[in-house]
Structures are given as C-alpha cells and as structure tokens.
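Take a look at the structure below.
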Amino acid sequence: MRKPAILVLEDGSVFRGESIGADGQTVGEVVFNTAMTGYQEILTDPSYSRQIVTLTYPHIGNTGINDEDEESARIQSAGLVVRDLPTRYSNWRAQRSLGDYLLESGVVGIADIDTRRLTRILREKGAQNGCIMAGDQLDEAAALEAAKGFPGLKGMDLAREVTTADRYEWAQGTWSLEDGLPAPAADLPHHVVAYDFGVKRNILRMLADRGCRLTVVPAQTPASEVMALNPDGVFLSNGPGDPEPCDYAIDAIRELLDAKVPLFGICLGHQLLALASGAKTTKMKFGHHGANHPVQDLESGVVMISSQNHGFAVDDQNLPDTLKATHRSLFDGSLQGIERTDKPAFSFQGHPEASPGPHDVAPLFDRFIDLIEAGKS
Ligand SMILES: NC(=O)CC[C@H](N)C(=O)O
C-alpha cells in the first residue's frame, strides 16, 4: 500500500493521490510536459530546478531507470506528478524502478490524480506555484500556505545554483570512428568552452561527437578567463530560472561578442545571447514543455519537430537591428531562434540535443562547427 499524498495549487485547487517517492513536502512552479517518453531525462534536466513536473502521458515508469540516461548527476526537478506509476517495470537497460529512484533521491512525487484536470488549470490560468505533501501526515491548509509562499521563478537566478563548482574537461568524443574508438581529447580539432548554466550531458556528447574538446566552466566565469583558454568557440548552455537576473553572464557574453568568438546558445543560453544583444525576455503563460513542437526555419521554410522546455521567451517586438529572427514556433508564433547580423553568434530556444525528443534540430550543432571552422580560416 502506498502512502497518501496531496498536491495543492496556489489557486486553492486540491488533488488527492498516492505517494510515489519520499515522504515530506516540496514547493515549486507546477508545469506540464507532454512528452510520451524520456521521464528520466526530464527529471535530471537542470532546467527543471524548482519546478514540479506533471507528465501528461498517463503511464510513467514503464521502462524503469538506468545509469546511462541521466542528463546530470541527480534529479533536478522539485517533484513529480503522474497519472499512473505501474507496479512493474520492464526494459533491458532498466536497473531500478522510478519509485525507488525518487525514494533514494529524497524526491517527493504523487500519482493517481487527474493530470488532465491539472493540465487544464495550468493552461487556462498559467503555470501555478504548488506544493506536494506526501506521507502519513497531510495538512491541506499548510500545503496551500507553502504553495503561496513560493516566490515564483520570475526574477530568480538559478543558473548560479545548479552550475558546476569547478571547471572540468569533457572529451568523450566518438569523432574518430575509424577504429570504433573515441578519439583522444588531444586529437579533437576544436576547443570549445561551454558555460554551464545547468548543462545537459547530451549537449556535451553531441559537441564532442563533432570534434570538440570541451572545457566546461562555472556560470560566473568572467569573459577574460574564457578568452585566456583561447577557445575556437564558446557554447552557452540551457539552464533553470529567469535569464534576466544573470547579469554576470550577460556581461560576459557582451565581451565575447566584442571579441568575435563564435557563439552558440541553447534555451537559457539563447535568452542570454538575446539579452546581451539588447533584446528583452518575458515570462510565458505556461511555457513550452514537450517533444513534438513544430518550429519553422524562417529562411528555408522547413518545419522541424522539436523538444522544448522553457517558461521564458525572447520578446520579438523591437528586436535590436543586430538580431535577426531565424526560427518561430508554429504553436504560438513565439520566437525560437536568433542570429547576430554583425557577429558569429546564433542561438535556439528549443532543444537540438533532443534528450528526450526528436532529432530534427541536431544540424544546428553542425552549423556551430561551420562557424568555428570559418573563424579559424
Ligand atoms: N531549458 C532551459 O534552458 C530553460 C530556460 C529558462 N529557464 C526558461 O524557463 O525559459
């Protein structure tokens, strides 16, 4: 028998279900993700820090958990909400159950609630702050207080919380595949410094696969330190929270733009490149979280199906002259990609690393390599 759990939203909505993780309580912004697969990648994506993730696909946990699919070292999401957690899991790579994983990680989760009703509330009213309480002692009034006490993500700088404490090298390149072995780091042709604002491992893997030796640096590393590493290109990672208060990153990106280093940003990195270029960002009503979002490349007209996870967006009204819109969401018309007209820099709002999600946008990594090669010649 599972213990009881409740989810209470700041608007007073109460959902009663059963606990599928640790006892205790958690607060955060409640968002919904419509991806049908990839719950482990979603839970370990640092961009979900301080967010309680509701998965709209009704059966979550069928394929268990394995050590390979982690996008970072731990569960980053503040809590998990699902319709049904199966009692058995089955997959050749599975090492344990989702429930055990939540429990071992001390993460609170709730199942057996009407996730359709919850998602409708979030769509109609916008993302809401909420509280999950799990265990034998449940107190609705206290959960409502806790939900209301969460200050919300607007104005919250979380990149500095989830970033790496120390600089490290990442070189698991499969770039030299002739003998089927990864190339030794020293043989990789490009040196890229990656800002870790909450980076996902598959981004690093995809850069290494394309011949990049990576130095991953903490979010608050000044541009001068990055330039001293003599990079061929600089990557700006995804990450949690509001981009606007990350003034240290915005300043560093401005300096790197001045130095004409090839730059590529994903999600939070995209928003930071926009801010450094003089654009503005806004909080969206309920954001984009899913793995089937159509995005159009404005130059070629090609439509790509993309993976998305963001609650803020670059405001496309009054873009500065140096920024060109390159991609747009076909769900709501919001801006999905930009490039600088005067510097070798571009960025994408969705997730080309597709982890989880479709691979349509992966060629953007090749575009970064092209920019790096052009910079060298
Ligand atoms: N995945 C991300 O990098 C998210 C960026 C930012 N935290 C947002 O919600 O918009």
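The values are calculated or read from the model by the stated rules, or taken from the named source; none is laboratory data. Since the structure is predicted, the reported quantities are computational estimates derived from the model, not experimental observations. Heads up, the Cβs are rebuilt from the backbone with ideal geometry, glycines too, and the neighbour counts pull from every protein chain shown. Accessible surface is based on the protein model in full, side chains and every heavy atom, while ligands, DNA and RNA are left aside. Shrake-Rupley method; radii C 1.70, N 1.55, O 1.52, S 1.80 Å.
Summary table
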read-out: Other-chain or far-sequence residues with amide H under 5 Å of M284's (modelled H); value: F312, A313
read-out: Pairwise centroid distance, computed over Cα atoms, of the range 44-62 with the range 290-363, Å; value: 22
read-out: 0 to 90° range, to nearest 10: angle between helix 115-125 axis and the chain longest Cα axis; value: 60
read-out: Charge dipole of the chain about the Cα centre (unit charges at C-beta), most positive-ward option of M36, L229, H310; value: M36
read-out: Inter-probe distance in nm under a simple model that places probes 7 Å from Cα toward Cβ, at D370 and R74; value: 4.1
read-out: Residues whose placed amide H lies under 5 Å from that of R96, excluding near-sequence neighbours; value: I65
read-out: Mean ellipticity per residue at 222 nm, deg cm²/dmol - from DSSP H runs of n ≥ 4 across the chain, formula -39500 (n - 2.57); value: -6500 deg cm²/dmol
read-out: K148 accessible area, assembled protein chains, probe 1.4 Å, Å²; value: 120
read-out: Spin-label model distance (nm) - A325 vs A94, 7 Å beyond Cα toward Cβ; value: 4.5
read-out: Kirkwood estimate for the range 270-363, i.e. one over the average of 1/r between Cα atoms, Å; value: 13.2
read-out: Accessible heavy-atom area order of T37, T215, highest first, probe of 1.4 Å; value: T37, T215
read-out: Relative contact order of the range 4-149, defined on C-alpha pairs under 8 angstrom at six or more residues apart (%); value: 37
read-out: Phi to ³J(HN,Hα) by Karplus 6.51 cos²θ - 1.76 cosθ + 1.60 over the range 38-52, Hz, x for Gly, Pro; value: x, 4, 5, 5, 5, 4, 9, 6, x, 5, 8, 4, 6, 10, 8
read-out: Antiparallel bridges, percent of DSSP beta bridges restricted to the chain (to nearest 5); value: 60
read-out: Lysines with Cα under 29 Å of K280, excluding same-chain neighbours fewer than 8 positions away; value: K125, K148, K154, K200, K260, K324, K343
read-out: Candidate residues M284, M227, M1: accessible-area rank, largest first, probe 1.4 Å; value: M1, M227, M284
read-out: Additional length obtainable on full extension of the chain from Y248 to M284, 0.36 nm per residue less Cα span; value: 10.6 nm
read-out: Heavy-atom accessible surface of the chain: percent carbon and sulfur, 1.4 Å; value: 47
read-out: Farthest positive-ward along the chain dipole, Cα basis, beta-carbon charges - from A146, V14, I52; value: V14
read-out: Amide H partners (placed H, <5 Å) of Q128, local residues excluded; value: V30
read-out: The chain: most fluctuating residue of L273, L263, L102 per GNM, C-alpha cutoff 10 Å; value: L102
read-out: Integer Hz, Karplus 6.51/-1.76/1.60 couplings in order for the range 94-107, x for Gly and Pro; value: 5, 10, 7, 8, 4, x, 5, 4, 4, 4, 4, 8, x, 9
read-out: Computed label-point distance, nm, for sites R16 and Y168 using a 7 Å Cα→Cβ extension; value: 4.5
read-out: Accessible surface, 1.4 Å probe, highest first, among residues Y248, Y89, Y195; value: Y89, Y248, Y195
read-out: Solvent-accessible area of K3 with every protein chain in place, 1.4 Å probe, in Å² to the nearest 10; value: 80
read-out: Dipole moment magnitude, nearest 20 debye, the chain about Cα centre, only Lys, Arg, Asp, Glu C-beta charged; value: 700
